[in-house]
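Trainee: Below are the structure tokens for one structure; questions will follow.
The values are calculated or read from the model by the stated rules, or taken from the named source; none is laboratory data. Only a predicted model underlies this, so the values are computations on that prediction, with no experimental measurement involved. Quick reminder, even Gly has a Cβ in these numbers, built from the backbone with ideal geometry, and neighbours come from all protein chains shown.
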Amino acid sequence: MKVILVAGARPNFMKIAPVMRAMEKYNNANGAFFEPFLVHTGQHYDIEMSKVFFDDLNLPQPNVNLGVGSGTHAEQTAGVMAAIEKVFIEQEPDLVIVVGDVNSTMAATITASKLHIPVAHVEAGLRSFDKTMPEETNRIVTDVLSDMLFTTDEIANENLANEGIDPEKIFLVGDVMIDTLFNRMDAINASDVLDRMKLKVGEYAVLTLHRPGNVDDPNVLGGILGALKEISSKIKIVFARHPRTKGRMEEFGLGGEGLTISDPLGYVDFMRLVKDSGFVMTDSGGMQEETTVLGKPCVTLRYNTERPVTIEKGTNVLVGSDPERIKQEAFALIQGNDRQVQTPELWDGHAAERIVDILATKEGSS
Ligand code: UD1
């Protein structure tokens with residue numbers, strides 16, 4: 001079965017890696033069944049946004065890199081579509097696997113769908129119900145066109161059912177990001193990043209920030225940075241800064257006073273930072289899941305989340321971009337945290353194996 005896997009941006013790589021590993025394991029046990037072909041769209045291209053993840057996650061080099069790069073949403077989406085169509089026509093895959101919700105995910109899905117190539121979406125059914133997020137459009141379009149939808153939790157299944165998606169296409173398998181977290185735990189524990197950055201366990205907070213809603217408006221970003229400056233008088237804040245945010249801070253003349261700013265880090269070092277931090281402040285999607293599994297408090301600088309299970313069962317608290325709420329939650333965590341958490345069902349490190357078993361069974365029965 002020839003399978004094209006599509007990755008484009010940083011959060012895709014940790015979702016693709018376990019699926020490729022599970023295919024290899026399946027082939028080793030059952031003979032060569034899956035023939036994977038990895039396409040990197042090049043949406044993210046900086047070393048620290050892309051290459052470092054291939055090294056950290058033991059991902060094979062992509063068979064093709066489309067080199068699409070940055071642009072407006074339309075330019076980026078159209079760029080991926082035009083380039084990936086050629087690859088799909090040349091390679092004639094039996095299936096295309098897309099992950100997550102970035103522009104590359106939607107672009108690959110539309111293109112495959114029009115060529116009548118079946119699409120499987122890993123991490124289907126997440127909904128923030130906020131169409132100002134570009135990812136929400138990507139999720140809805142990807143899901144409506146996908147032939148197999150692999151979900152992380154029951155809430156995602158309900159979202160898809162409410163949109164009229166055929167339940168026979170939906171498979172609750174758990175969270176592939178957590179597969180990666182468990183698989184890389186030895187390397188994470190061996191990272192010397194705390195020594196390199198002169199940090200002590202529990203005595204710092206980790207910060208990431210990149211959502212357009214938080215960083216593209218000077219007043220919003222200025223308000224958040226003001227709150228963080230005050231928090232930094234009580235706890236050291238390590239800010240692994242996304243290129244979008246770096247660009248905006250320079251453009252708006254905002255310095256990030258009080259923050260320990262670094263370039264984006266690789267997966268292994270970054271997860272070690274998270275694991276040994278006092279708490280996390282972020283607007284990322286994936287980190288809400290990783291902190292839930294690690295039992296690490298997560299203050300999410302958003303007004304909504306497509307991952308509500310991390311609030312219901314996990315460590316996640318939404319504070320939006322309101323400086324007072326950010327300070328209130330951070331100061332409360334500095335005082336102490338006694339929140340009990342539960343790991344969502346099937347977030348056990350074996351989601352990708354379930355996906356691969358389902359793909360093999362379906363193919364066998366068709
Ligand atoms: C994208 C995803 C988002 C994901 C995030 C993780 C979409 C719509 N958004 O947002 O869901 O959470 O990735 O990082 O697909 N840039 C660089 N170097 C790079 C990549 C980007 O400098 O390697 C710059 C670009 O020039 C651009 C900005 O960062 O100005 C934004 O990049 P883009 O891929 O458009 O979106 P992200 O904000 O990274």
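Trainee: Among the residues of region 1-17 satisfying the criterion of being of a type in the set (Gly, Ala, Ser) and buried (at least 23 other Cβ atoms within 10 Å of the Cβ), which is farthest from the ligand (Cβ to nearest atom)? Spell out how you get there, then give the answer.
Mentor: At the first step, the residues of region 1-17 found to be of a type in the set (Gly, Ala, Ser) are 7-9, 17.
Retained after the next criterion (residues that are buried (at least 23 other Cβ atoms within 10 Å of the Cβ)): 7-8, 17.
Details: Ala7: 12, Gly8: 7, Ala17: 16 Å.
Step by step, filter region 1-17, then rank; the result is Ala17.
Trainee: Restricting to region 83-129, give me the number of residues that are of a type in the set (Asp, Glu) and surrounded by fewer than 18 Cβ atoms within 10 Å (Cβ to Cβ). Steps first, answer last, please.
Mentor: Pass one, region 83-129, residues of a type in the set (Asp, Glu): 85, 90, 92, 94, 101, 123.
When the remaining residues are screened for being surrounded by fewer than 18 Cβ atoms within 10 Å (Cβ to Cβ), the result is 85, 90, 92, 94.
The total comes to 4.
Trainee: Residues in region 286-293: is at least one in contact (Cβ under 8 Å) with a residue 60 or more places away in the chain and either at positive phi or touching a Leu at 6+ places or on another chain (Cβ under 7 Å) (or both)? Outline the logic, then answer.
Mentor: Taking region 286-293 as the starting set, the residues that turn out to be in contact (Cβ under 8 Å) with a residue 60 or more places away in the chain are 286-287, 289-290, 293.
Of the ones still in play, those that are also either at positive phi or touching a Leu at 6+ places or on another chain (Cβ under 7 Å) (or both) are 290, 293.
Checked region 286-293: at least one residue is in contact (Cβ under 8 Å) with a residue 60 or more places away in the chain and either at positive phi or touching a Leu at 6+ places or on another chain (Cβ under 7 Å) (or both).
Trainee: Among what's in region 130-175 and is within 16 Å of the ligand (Cβ to nearest atom) and among the hydrophobic types (A, V, I, L, M, F, W, C), pick the residue that is surrounded by the fewest Cβ atoms within 10 Å (Cβ to Cβ).
Mentor: The selected residue is Ile140.
Trainee: If a residue has to be more than 13 Å from Gln43 (Cβ to Cβ) and either within 11 Å of the ligand (Cβ to nearest atom) or assigned to a loop (DSSP other than H, G, I, E, B) (or both) to count, how many in region 77-99 make the cut?
Mentor: Filtering region 77-99 for residues more than 13 Å from Gln43 (Cβ to Cβ) gives 82, 85-97.
Subset that is either within 11 Å of the ligand (Cβ to nearest atom) or assigned to a loop (DSSP other than H, G, I, E, B) (or both): 92-94.
The total comes to 3.
Trainee: Between a first residue in region 254-266 that is part of a loop (DSSP other than H, G, I, E, B) and a second residue that is of a type in the set (S, T, N, Q) and crowded, with 19+ Cβ neighbours inside 10 Å, which pairs have beta carbons less than 7 Å apart while being 6 or more apart in sequence or on different chains?
Mentor: The qualifying pairs are Gly258/Ser232; Leu259/Ser232.
Trainee: Does region 220-245 hold any residues that are of a type outside the set (A, V, I, L, M) and either outside any helix (DSSP H, G or I) or buried (at least 21 other Cβ atoms within 10 Å of the Cβ) (or both), and which are they? Spell out how you get there, then give the answer.
Mentor: Residues of region 220-245 of a type outside the set (A, V, I, L, M): 222-223, 226, 229-230, 232-234, 236, 239, 241-245.
Once the filter is applied, which keeps residues that are of a type outside the set (A, V, I, L, M) and either outside any helix (DSSP H, G or I) or buried (at least 21 other Cβ atoms within 10 Å of the Cβ) (or both), region 220-245 yields Ser232, Ser233, Lys234, Lys236, Phe239, Arg241, His242, Thr245.
Trainee: Moving on to the next point. Of the residues that make up region 293-300, is at least one surrounded by 23 or more Cβ atoms within 10 Å (Cβ to Cβ) and either within 16 Å of the ligand (Cβ to nearest atom) or at pLDDT below 95 (or both)?
Mentor: Yes, that holds for at least one residue.
Trainee: Go through region 312-334 and report how many residues are in a helix (DSSP H, G or I), free of Cβ contacts under 8 Å to residues at least 40 places away in the same chain and in contact with a strand residue (DSSP E or B) (Cβ under 7 Å, 6 or more places away or on another chain).
Mentor: Qualifying residue count for the region: 1.
Trainee: Applying the selection to region 184-231, what residues are hydrophobic (A, V, I, L, M, F, W, C), in contact (Cβ under 8 Å) with a residue 60 or more places away in the chain and under 21 Å from Tyr303 (Cα atoms)?
Mentor: If the condition is that a residue be hydrophobic (A, V, I, L, M, F, W, C), in contact (Cβ under 8 Å) with a residue 60 or more places away in the chain and under 21 Å from Tyr303 (Cα atoms), then Ala205, Val206, Leu207, Leu209, Val220, Ile224, Ala227, Leu228, Ile231 are the ones that fit.
Trainee: Would you be able to tell me the number of residues in region 176-219 that are in a loop (DSSP other than H, G, I, E, B), more than 16 Å from the ligand (Cβ to nearest atom) and loosely packed, with under 15 Cβ neighbours inside 10 Å?
Mentor: Of the residues in region 176-219, the ones in a loop (DSSP other than H, G, I, E, B) are 184, 191-192, 197-203, 208-211, 216-217.
Right, trim to more than 16 Å from the ligand (Cβ to nearest atom) and you get 184, 191-192, 197-203.
Within this subset, residues satisfying the condition of being loosely packed, with under 15 Cβ neighbours inside 10 Å are 192, 198, 200-203.
Total meeting the criteria: 6.
Trainee: Report the residue count in region 27-72 for those that are assigned to a loop (DSSP other than H, G, I, E, B), in contact (Cβ under 8 Å) with a residue 40 or more places away in the chain and of a type outside the set (Ser, Thr, Tyr). Outline the logic, then answer.
Mentor: Here is the first cut: in region 27-72, the residues assigned to a loop (DSSP other than H, G, I, E, B) are 31-34, 41-46, 50, 57-63, 66-72.
Imposing the further condition that a residue be in contact (Cβ under 8 Å) with a residue 40 or more places away in the chain reduces the set to 33-34, 41, 43, 46, 50, 57-60, 62, 68.
Subsequent filtering for residues that are of a type outside the set (Ser, Thr, Tyr) retains 33-34, 43, 46, 57-60, 62, 68.
Summing the residues that are assigned to a loop (DSSP other than H, G, I, E, B), in contact (Cβ under 8 Å) with a residue 40 or more places away in the chain and of a type outside the set (Ser, Thr, Tyr) in region 27-72 gives 10.
Trainee: Can you find a residue in region 130-137 that is free of Cβ contacts under 8 Å to residues at least 40 places away in the same chain and either under 14 Å from the mean Cα position of the chain (by Cα) or assigned to a helix (DSSP H, G or I) (or both)? Walk me through it before giving the result.
Mentor: At the first step, the residues of region 130-137 found to be free of Cβ contacts under 8 Å to residues at least 40 places away in the same chain are 131, 137.
Pick out the ones that are also either under 14 Å from the mean Cα position of the chain (by Cα) or assigned to a helix (DSSP H, G or I) (or both) and you get 137.
Within region 130-137 (the criterion being free of Cβ contacts under 8 Å to residues at least 40 places away in the same chain and either under 14 Å from the mean Cα position of the chain (by Cα) or assigned to a helix (DSSP H, G or I) (or both)), the answer is yes, since at least one residue qualifies.
Trainee: Identify, please: which residue in region 335-358 is of a type in the set (S, T, N, Q) and assigned to a loop (DSSP other than H, G, I, E, B) and is, among those, surrounded by the most Cβ atoms within 10 Å (Cβ to Cβ)?
Mentor: If we filter region 335-358 for residues that are of a type in the set (S, T, N, Q), which is where we start, we get 335, 337, 340, 342-343.
If we keep only those that are assigned to a loop (DSSP other than H, G, I, E, B) as well, we get 337, 340, 342-343.
On the way: Asn337: 13, Gln340: 7, Gln342: 11, Thr343: 15.
Across region 335-358, the extreme among qualifying residues is Thr343.
Trainee: Hey, does region 53-76 have a residue that's buried (at least 16 other Cβ atoms within 10 Å of the Cβ), near the ligand (Cβ under 9 Å from one of its atoms) and either acidic (Asp, Glu) or on the phi < 0 side of the Ramachandran plot (or both)?
Mentor: For region 53-76, residues buried (at least 16 other Cβ atoms within 10 Å of the Cβ), near the ligand (Cβ under 9 Å from one of its atoms) and either acidic (Asp, Glu) or on the phi < 0 side of the Ramachandran plot (or both): present.
Trainee: When only residues in region 100-120 that are touching an Asp or Glu at 6+ places or on another chain (Cβ under 6 Å) and away from the ligand (no atom under 11 Å from the Cβ) count, which is farthest from Tyr303 (Cα to Cα)?
Mentor: Looking at residues that are touching an Asp or Glu at 6+ places or on another chain (Cβ under 6 Å) and away from the ligand (no atom under 11 Å from the Cβ), I get Pro118.
Trainee: Moving on. Tell me, please, whether a residue that is touching a helix residue (DSSP H, G or I) at 6+ places or on another chain (Cβ under 6 Å), assigned to a loop (DSSP other than H, G, I, E, B) and among the polar types (S, T, N, Q) can be found in region 104-113.
Mentor: Scanning region 104-113, I find no residue that is touching a helix residue (DSSP H, G or I) at 6+ places or on another chain (Cβ under 6 Å), assigned to a loop (DSSP other than H, G, I, E, B) and among the polar types (S, T, N, Q), so the answer is no.
Trainee: Would you please list the contacts, defined by Cβ atoms under 7 Å and residues six or more apart or on different chains, that run from a residue in region 1-15 that is within 14 Å of His121 (Cβ to Cβ) to a residue that is part of a loop (DSSP other than H, G, I, E, B) and charged (D, E, K, R)?
Mentor: Val3/Asp94
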